[in-house]
Every structure is written in structure tokens, then in C-alpha cells.
1. Does Glu155 satisfy the condition of being of a type in the set (Asp, Glu), modelled with pLDDT of 95 or more, on the phi < 0 side of the Ramachandran plot and surrounded by 14 or more Cβ atoms within 10 Å (Cβ to Cβ)?
2. If you check Asn191 against the conditions, is it more than 21 Å from Ala72 (Cα to Cα), modelled with pLDDT of 95 or more and buried (at least 18 other Cβ atoms within 10 Å of the Cβ)?
3. For segment 91-121, which positions are surrounded by 13 or more Cβ atoms within 10 Å (Cβ to Cβ) and free of Cβ contacts under 8 Å to residues at least 40 places away in the same chain?
4. Of all residues in segment 122-146 being acidic (Asp, Glu) and surrounded by 13 or more Cβ atoms within 10 Å (Cβ to Cβ), which is farthest from Val70 (Cα to Cα)?
5. Quick check: is even one residue across segment 19-39 closer than 20 Å to Gly98 by Cβ and touching a Lys or Arg at 6+ places or on another chain (Cβ under 8 Å)?
6. Just give me the residues in segment 66-85 being more than 15 Å from the ligand (Cβ to nearest atom), small (Gly, Ala, Ser) and touching a strand residue (DSSP E or B) at 6+ places or on another chain (Cβ under 8 Å), in sequence order.
7. Do the conditions hold for Val88, that is, is it among the aliphatic types (A, V, I, L, M) and surrounded by 11 or more Cβ atoms within 10 Å (Cβ to Cβ)?
8. Could you look through segment 1-50, keep only residues that are hydroxyl-bearing (Ser, Thr, Tyr) and within 16 Å of the ligand (Cβ to nearest atom), and pick out the one that is farthest from Gln156 (Cα to Cα)?
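The values are calculated or read from the model by the stated rules, or taken from the named source; none is laboratory data. No experiment lies behind these values; they were computed from the predicted model shown. Virtual Cβ from ideal backbone geometry, glycine too; neighbours counted across all protein chains shown.
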Amino acid sequence: MENFIQKYLEYNRHWAQHKREEDAGYFDLLAGGQHPEALILGCSDSRVSPSVVVGADLGEVFVHRNIANVVAHSDLNFLSVFQYAVEVLGVKHIIVVGHYGCGGVQAAMSDKVFGLIDNWLANIKDVMALHEKELNAIADEHRRFDRLVELNVLEQIKNIRQTSVYRKALQKGAAPELHGWVYNFSTGLINVIFGQGVNSPASAV
Ligand code: CO
């Protein structure tokens, strides 16, 4: 079996050297501070690393990831990241990136009991309950799953709007622009369902 740890550490040494050769000031610039343009909330899934799929260099995006890209009002972890991104870093954009085939969303759709994680997945069950009528009208199970992934992104944007941090920024006229994307790991492409460049407008939430 390949030794992944060894491989990663070796890659890191080569990468750091290559970066220094390419641009001697590269790491000095990063060490000087960060000014990311966007906060991305994505899923923890190993196939959907958001900065990779948009080609963002180090320093460009502030990232928070959890199972099924959820904004829970009692989650101090996300809320702290969010406050820092908006109030200290002054990000101009907030992008919620869900993905088709999300295991968290799929687990929430099932009736199985998984244990501790069910408490987290209850956030998605709430989304299901809110859109029960629309979801129940979709006969095809895969399409219903895809739609729930999209609705989950839209509901999380709605949750962001309800946070005190966002509302405060809005009052100051400094609210970041909101975006909803759904990444497809079967094609590598992003489906924009909310905000700038929308190519598959989803119904309003
Ligand atoms: Co996922």
C-alpha cells in the first residue's frame, strides 16, 4: 500500500521549492496578511474542494466546510468564521456551494438512524419539511435528491440572511453579495442557482 503521508510530505517540499523558484516573494506576500474576496461555505466531501474547482490561489478565498454545507444558527464554529470574514476581512462575496450526490443530504432523505450525525442532518430534514409539497411531487428519486441539494443551498442562503452579522452589514450598506452554487462532481461543472451568472434559476425561497 502506498504511504500517503510520505507522499504528501514529499509533494509539499517540492511544491514549496517550486513556488519559491517561480516567485521569490510568494510566501512573504502571503505572510504579510490576507485579503480574500470571498467566503465559501462548502461540503466536507473530499471530491468537492471549492478552491480547487474555481482555481483560487492561496489568499483568495476564506473557506468553511461542514457536512452538507449547513448554516445552523447555534453553530458557533460557522458563525465565528462568518463574522470574521464579514467584519474583519470584509469579503465582498459569500458563496454557498452544495454538490449533487451529497452523502449528507442523501442520509437526511433516508429513514435510517445513523447516530450523532442525525442531529446535524436534522437541519436538512427541516429543509425537506419546508419543501415537502414540491419534493413529493417529483416522482423520480434521483431528481428529487438533486432538487433537495439545490433547495438546501437556497435555504442556507436564507439562514445567512437571518444572522445578526449579515443584518448588521446590511444596515451599514456593506452586505456581501450572496451566491448559490451546486457543483457536479461527475462533470466538474458548477450550476449557478442563485446570484450573479445564474444559469439554472431555482424558484425563490
Ligand atoms: Co456533501
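1. Yes.
2. Considered against the rule, which asks whether it is more than 21 Å from Ala72 (Cα to Cα), modelled with pLDDT of 95 or more and buried (at least 18 other Cβ atoms within 10 Å of the Cβ), Asn191 comes out as yes.
3. If the condition is that a residue be surrounded by 13 or more Cβ atoms within 10 Å (Cβ to Cβ) and free of Cβ contacts under 8 Å to residues at least 40 places away in the same chain, then Gln106, Ala107, Met109, Asp118 are the ones that fit.
4. Here the residue is Glu134.
5. Yes, because at least one residue in segment 19-39 is closer than 20 Å to Gly98 by Cβ and touching a Lys or Arg at 6+ places or on another chain (Cβ under 8 Å).
6. Matches in segment 66-85: Ala85 only.
7. Considered against the rule, which asks whether it is among the aliphatic types (A, V, I, L, M) and surrounded by 11 or more Cβ atoms within 10 Å (Cβ to Cβ), Val88 comes out as no.
8. Ser46
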